[in-house]
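Chemist: Input: one structure, supplied below.
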Amino acid sequence: MIIDGKLFAEGLRAKLTEQISVLKQENGITPGLTVVLVGEDPASQVYVRNKQKFAEECGMNSVTIKKDVETTQEELLKLIQDLNNDASVHGILVQLPLPKHIHEQTVLQSILPEKDVDGFHPVNVGRLSIGEPSLIPCTPLGSLLLLKDKLGYLSGKKAVIVGRSNIVGKPMLQLLLKENCTVTIAHSRTENLPAVCREADIIVVAVGQPRLIKADWIKEGATVIDVGINRIEENGKNRLVGDVDYDAVAPKAAFITPVPGGVGPMTIACLLRNTLTATCMQSGIQDPNQLK
C-alpha cells in the first residue's frame with residue numbers, strides 16, 4: 001500500500017491553518033517565519049518559494065530575505081542576530097547549502113534554539129536525545145508522522161535506519177527509540193547490510209544512493225520509508241528515484257513511500273508545524289501538536 005505523503009501533507013497544512021486561526025483569535029499572535037537565502041542556487045530558490053507559499057496559505061507571516069552570494073559570514077551572523085532579537089519572528093531558517101566561504105555550523109548555531117525550526121541546533125539535538133520537548137528536524141518528523149498514521153502503535157517493532165546523517169539518520173533513531181522501537185542504525189561500514197535490513201519491521205533509508213535497497217533485502221510485510229531523492233538519467237530522460245528499488249520492493253512491503261510524493265512533501269509541512277510549535281514555546285502557550 002502506497003503511503004501518499006503529498007495527501008498527508010495537505011491534511012497537515014489544513015490542520016495547521018485551523019490551529020493558527022485559533023491562535024490568532026484567542027491570543028492575538030500570528031506565527032512569523034523568516035527564511036534567509038544566500039546566493040542563486042536554483043533548487044534552493046524553488047524550495048524557498050514553496051515554503052513561503054505554503055506558510056502564507058496557513059496564515060503565517062512569512063518573509064524571505066535574499067542575500068547575494070558575496071555576503072560575508074559576519075554580515076549573515078549580524079542578520080541572524082537581528083532576527084533573534086525580533087519578537088515577531090518565531091522561526092528562522094537559513095537555506096542550505098551556503099556559499100563555500102561561509103561556515104554552515106557557525107551560522108546554524110547562531111540561531112536561538114527556540115527559533116531553530118530546522119531542529120539542527122545542538123541544544124535541540126540534545127533535548128531530542130534525552131526526550132525533552134524540542135524542535136525536531138523536519139524530514140525525520142515527517143517520516144514518523146507517516147509511520148504512526150499507517151501503523152499506529154510502533155512499540156516493540158524492529159526498526160532499521162540505513163544512513164547516520166545528522167539531518168535524518170540520527171534524529172530518526174531518537175524518535176523511534178521514544179516510540180519504544182528496537183532500533184539498529186546501519187551505514188556504509190555495516191557488515192552484511194542486506195541481512196540487517198531483512199530483520200526490520202520498519203526500514204528508513206536515507207543514504208543518497210539510487211535504488212540501493214533491493215527486494216531480497218526486505219522482509220515480507222515490512223514498512224519502507226524512502227527518504228532518498230536522486231536524479232538519474234534513464235532511457236534518455238531525467239527522473240527522480242529513491243534509495244529503494246521501488247518497483248521490486250513494493251510488492252513485498254505492507255506500506256511504502258514513493259519518490260517523488262512520499263516523504264518529500266512532509267518536510268515543508270513539518271517546517272510549518274515546527275514554526276507553530278516555536279511560537280507556542282516562546283509565548284507560553286500549549287502546543288496543540290506536541291508529540292505524546
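The values are calculated or read from the model by the stated rules, or taken from the named source; none is laboratory data. All of these numbers come straight from a predicted model, not from anything done at the bench. Glycine gets a Cβ as well: all are built from the backbone with ideal geometry, and neighbour counts include every protein chain shown. For the accessible areas, the whole protein counts, side chains as well, though only heavy atoms, and no ligand, DNA or RNA atoms are used. Shrake-Rupley method; radii C 1.70, N 1.55, O 1.52, S 1.80 Å.
Chemist: Within the stretch 139-156, is there a residue that is in contact with a strand residue (DSSP E or B) (Cβ under 6 Å, 6 or more places away or on another chain), at pLDDT 95 or above and of a type outside the set (A, V, I, L, M)?
Modeler: Yes, the conditions are met somewhere in the stretch 139-156.
Chemist: Only one residue in G169, G221 is surrounded by 19 or more Cβ atoms within 10 Å (Cβ to Cβ), at pLDDT 95 or above and under 28 Å from P251 (Cα atoms). Which one?
Modeler: Only one candidate passes the filter, namely G169.
Chemist: Touching a Gly at 6+ places or on another chain (Cβ under 8 Å), farther than 19 Å from D149 by Cα, in a loop (DSSP other than H, G, I, E, B) and open to solvent by less than 10 Å² (accessible area, probe 1.4 Å): is that true of G228 in this structure?
Modeler: In short, yes.
Chemist: Test each condition in (1) at pLDDT 95 or above; (2) within 15 Å of the chain's Cα centre (by Cα) for A195 and report the one that comes out false.
Modeler: (2)
Chemist: Can you name the number of the only condition in (1) touching a Ser or Thr at 6+ places or on another chain (Cβ under 7 Å); (2) surrounded by fewer than 22 Cβ atoms within 10 Å (Cβ to Cβ); (3) assigned to a loop (DSSP other than H, G, I, E, B) that E191 fails?
Modeler: The one condition E191 does not meet is (1).
Chemist: Next up: If I ask for residues that are part of a strand (DSSP E or B) and either in contact (Cβ under 8 Å) with a residue 24 or more places away in the chain or of a type in the set (S, T, Y) (or both), which ones from the stretch 231-282 would you list?
Modeler: V241, V244, F255, I256
Chemist: Mind listing just one residue for me: the one in the stretch 141-158 that is exposed (fewer than 13 other Cβ atoms within 10 Å of the Cβ) and of a type in the set (G, A, S) and, of those, nearest to L175 (Cα to Cα)?
Modeler: Once the filter is applied, the top-ranked residue is S155.
Chemist: Shifting gears a bit: Could you check K178 against (1) open to solvent by 70 Å² or more (accessible area, probe 1.4 Å); (2) over 30 Å from A14 (Cβ atoms) and say which number it fails?
Modeler: The single condition K178 does not satisfy is (2).
Chemist: Pairs only if they're at least six apart or on different chains, beta carbon under 8 angstrom, first in the stretch 67-90 and free of Cβ contacts under 8 Å to residues at least 60 places away in the same chain, second of a type in the set (D, E) and in a loop (DSSP other than H, G, I, E, B); list them, first residue then second.
Modeler: Every condition considered, the pairs that remain are V69/E40.
Chemist: Also, I was wondering about something else. Among the listed residues L98, L128, which satisfies the condition of being of a type outside the set (S, T, Y), open to solvent by less than 30 Å² (accessible area, probe 1.4 Å) and assigned to a loop (DSSP other than H, G, I, E, B)?
Modeler: L98
Chemist: Among the numbered conditions (1) more than 26 Å from L128 (Cα to Cα); (2) in a helix (DSSP H, G or I); (3) open to solvent by 80 Å² or more (accessible area, probe 1.4 Å); (4) not basic (K, R), tell me where Q209 comes up short.
Modeler: (2)
Chemist: Let me ask something additional. Give me the residue from the stretch 64-78 that is among the hydrophobic types (A, V, I, L, M, F, W, C) and in contact with a helix residue (DSSP H, G or I) (Cβ under 8 Å, 6 or more places away or on another chain) and, out of that set, surrounded by the most Cβ atoms within 10 Å (Cβ to Cβ).
Modeler: L76
Chemist: Within the stretch 146-164, is even one residue basic (K, R), in contact (Cβ under 8 Å) with a residue 40 or more places away in the chain and in a helix (DSSP H, G or I)?
Modeler: Yes, that holds for at least one residue.
Chemist: Continuing with this model, one more query. Mind listing whichever residues of the stretch 92-139 are in contact with a Cys (Cβ under 9 Å, 6 or more places away or on another chain) and at negative phi?
Modeler: Taking the stretch 92-139 first, the residues in contact with a Cys (Cβ under 9 Å, 6 or more places away or on another chain) are 117-119, 136-139.
If the condition is that a residue be in contact with a Cys (Cβ under 9 Å, 6 or more places away or on another chain) and at negative phi, then V117, D118, I136, P137, C138, T139 are the ones that fit.
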